[in-house]
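Quick note: the coordinates plus some simple rules give every number you see, no bench work behind them. Keep in mind the model is a prediction, meaning the values are calculated, not measured. Virtual Cβ from ideal backbone geometry, glycine too; neighbours counted across all protein chains shown.
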Amino acid sequence: MLKRRVIPCLDIKNGRVVKGVHFANLRDTGDPVEAARAYDSQGADELCLLDITATTEGRDTFVDVVRRVAGQIFTPLTVGGGVRREADVRRLLGAGADKVAVNSAAVANPLLIRQLADRYGSQCIVVAVDVRQLKPLPGETDPLYEVVIHGGTRSTGLDALSWCEQAAALGAGEILLTSMDKDGTRDGYDLAITREVSQRVPIPVIASGGVGSLEHLRQGLDPKEGAADAALAASIFHFGLYTIAQAKHYLADHGIPVRPHEAPRGVLITG
Amino acid sequence: MPREVILVDSQLGNLDSVEHALIQVGASVIVSSDPDRVATARMVVFPGQGSFGPTTRALVDGAMGAALRMVIERGDPFLGICLGMQLLFEQSEESGGFDGLKVLPGQVRRFPADMRAGEDPESARLKIPHMGWSDVQPTGEHFYFAHSYYVETPDPSLVMWWCRYGSVEFPATIARGNVFGCQFHPEKSQWSGLRFLRSFILGGRA
C-alpha cells in the first residue's frame, strides 16, 4: 500500500538555509547539508530544497548545495526555484536531484512541461503552482483561485484548477501546490483548493503553505480534507517544534497511512 | 577487498545516486558506457528511469544489449533497477510498443487510469505515477517507487517480493538464477534500500 509522504522543505539563499534551523540535539545551524542529514536520519520520506536567491552567483552556489546534499542522503530530493530552461533542469539533475520543480517558466511557456517530461520522464518533473484565493464577487459561493508567479507578487489570471489539469495533461509527474494566502501564517493548509486539485488531477499533489502543527499535516493528507498525497512543511521542523518521527507517529495514530520511522540497522557504512 | 561492480551508463537517467549507494554498501564502482567493458564485468548493475522508447530500442538492438545478454547468459550477477528491470522482459506497451531484452517472460503494462483507493467506485481515484513509499510482501519493508508501468509475468516463480497498488499486484523484485531486478529505487529507499543492495553485492543475491 502506498503511504502518504512527509516532506521537509529547506529554503536556500546564498548557500544557507534561511529562517534558521534549530534541531533538538543539534547546534543552531544554517548549513543545508547538516539539516538534510538530520531530516534523512529522522525518517523524512523525501526532501525539498528551494532556491530563493536571485543572483547568478547564488544559483551556482545552489547547484553546489544540491550536489553536497545529494551526496549525503538516500531519499528522493526535489529541487526548485528559478528554474527557467532545460539547461537549468539538466544542471540540477546532474548535481543529483531526483525531481526538479518548475513554476513561473512553465506558466510563461506551458510546452516546457512537455519538453522536460519527454526528455527526462514525467517522474522527475514537478510543476510548482502558487495560488491565491480571489475575493468572491457578489453572488458567488464557491471560491475561485488564481495562479500567481514570482513568489506571489504577480497575478496571471489563470484559474488554478485548469492550470493544474493542463500541467498534468502536458506530462507533469506531480503538482506542488502552495497557498500564498496561507504561506507563513502557521494556521494550516488551504484545504479547499488542495482537495479540489487533488481530486481533479490524475497525478500526485503535494500540499504546501501554512503548516503550524501536526494536526495541519493530518488535515492536508486526510482524504476528506486536503486529500493530498504528500505534506510539505518547513518551519515546524526547522525550529525544532517537532521531529519528522513525531509527525509520523501523530499521523499513524490518526489513521493516515505513513511509512514507519525506522532506525538505521544492519548496513555496512563505509563513508 | 571491495566487490567490483560495473554500473552501466546507458543514458537512461542519473547514475550518481546509484553509484553513491553502491559505494556506501562496500562496492568498488566502475561507471561504463562501453559495451566491451560491460561484457567483461563480473557483476553488473543496470539502472534506468524514464520510459521505453527510442533510447531503449537503440540499447536493446545495439552492442550494449548484446553485452548485457552476454553477462546474463554467462551467469554473472546482474541487477536491473526500475526501467533496468523492465527491460529484461519481452515487450512494453509504452510509447506505442517497444521490445525489451527478452531475457525473462513477461510484458510491461501501464497502470489502469481508473483504479480506485477502495472497493467503492466513488472512492478516490489513484494517482499515476505510483510515486512514494509502498510496502512489499512478504517482508513488509518499505521502498520508494516512482513508475507508471509495471511488469506482468506469466511465471510467478520469478517474483521474490510483491507490491500492490490499487487493484494491481506487481513484482517489486524478481530473481532467476544470477538475474535480479527491482521496480523500486533502492538508492532512494534509505536503510531498506541499502540492505537490498548490500545483499546483492555480498552474495550476488537479493
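Here are the numbers:
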item	result
Cα-based Kirkwood hydrodynamic radius, the range B:73-206, one decimal, Å	15.2 Å
Alpha-carbon Rg/Rh ratio, for the range B:1-138, with Rh computed the Kirkwood way	1.04
Size of the range A:104-185 as Cα extents on the principal axes (Å, biggest first)	45, 27, 19
Using alpha-carbon coordinates, inclination of helix B:190-203 to the longest axis of chain B, degrees	40 degrees
Per-residue Cβ neighbour rank within 10 angstrom, fewest leading, B:182, B:163	B:163, B:182
Cα gyration tensor category, rounded, prolate or oblate, for chain A with a/c compared to 1.5	oblate
Computed FRET value (nearest 0.05) for residue B:40 with residue B:137, which takes r as the C-beta separation and R₀ as 41 Å	0.65
Over the range A:138-271: Rg over Rh, Cα atoms, Kirkwood Rh	1.04
Sorted largest first, extent of the range B:145-187 alpha carbons per principal axis (Å)	29, 27, 14
Tail fraction, Cα-Cα pairs, the range A:71-131, threshold 13 Å, whole percent	57 percent
Relative contact order (percent, whole number), the range B:43-92, Cα cutoff 8 Å, 6+ residue spacing	59 percent
Three-way shape label, the range B:76-122, alpha-carbon gyration tensor, a/c 1.5	prolate
Disulfide-incompatible cysteines by the Cβ rule (no partner under 4.7 Å) in the protein assembly as shown	A:124, A:164, B:82, B:163, B:182
Rh by Kirkwood over Cα pairs, then Stokes-Einstein D for the range B:1-65 at 0.890 mPa s and 25 °C, µm²/s	199 µm²/s
The range B:39-140 - percent relative contact order, Cα under 8 Å, separation 6 or more	23 percent
DSSP-defined antiparallel bridges as percent of all bridges, the range A:100-172, nearest 5	70 percent
With eigenvalues of the C-alpha gyration tensor scaled by 5 and rooted, the protein assembly as shown, Å	36, 24, 22
Shape category assigned to the range A:49-188 from the gyration tensor of Cα positions, a/c cut at 1.5	prolate
Percentage relative contact order, the range B:92-173, counting C-alpha pairs under 8 Å, at least six apart	27 percent
10 Å Cβ neighbours from other chains, averaged over peptide A:246-252	0
